[in-house]
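I have placed the structure first, in the form of structure tokens, so that the comments after it can refer back to it.
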Amino acid sequence: MGKKSIKENKNVYQLCREKCELTRQKASEEMVYISDDRIEKIESEKSLPHPDEILAMAACYKAPELKNYFCANECPIGQKQVTEIKVQELSQIILELIASLNSLNNEKNRLIEITVDGEITEDEIEDFKKIQLQLDKVSSTINGLRLWLEKAIIEGKVDKNILE
């Protein structure tokens, strides 16, 4: 049996592993090709994880949010393209989505005016930026819904077969 960590500033990878009540040794056995030494290096931030290791940890720890965390915070490309998504309750996600869609609905006609000629002129750019931020919020909320669903399937709260 492995020792219980007393480290105060645990990173997300260690927190997810410990939430599953797995020692590094046991996690290593379940993930097959990631050694417990490699897990220790990732958790102590001596080494960044590789994408294939993130996929293995996310599956082993039943924590799909690790994939988004890695892309948003550690992958050089993802840091420029991916917004970190926090796991939320379904009701909160839906309320945020409705609020975002309602806000966007109010700007729909302005977006049509701006884009109908295929150009965005200087006097339109500020309105376009505001609308783009609203679209980003909708996209982020939808991604949050996808993450919630993936986690719900893993936890057995939603039957994946019903969705197909």
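The values are calculated or read from the model by the stated rules, or taken from the named source; none is laboratory data. Keep in mind the model is a prediction, meaning the values are calculated, not measured. Cβ coordinates were reconstructed from backbone atoms using ideal geometry, including for glycine residues, and neighbour counts include every protein chain displayed. What goes into the accessible areas is simple: the full protein's heavy atoms, side chains included, and nothing from ligands, DNA or RNA. Shrake-Rupley method; radii C 1.70, N 1.55, O 1.52, S 1.80 Å.
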- Task: Using the structure shown, decide if LYS62 is among the basic types (Lys, Arg), open to solvent by 50 Å² or more (accessible area, probe 1.4 Å) and more than 20 Å from ASN9 (Cα to Cα).
- Result: yes
- Counted residues in segment 65-102 being surrounded by 13 or more Cβ atoms within 10 Å (Cβ to Cβ) and assigned to a loop (DSSP other than H, G, I, E, B) come to 8
- Message: Here is a check on your reading of the model: is ASN143 of a type in the set (S, T, N, Q) and under 26 Å from the mean Cα position of the chain (by Cα)?
- Response: yes
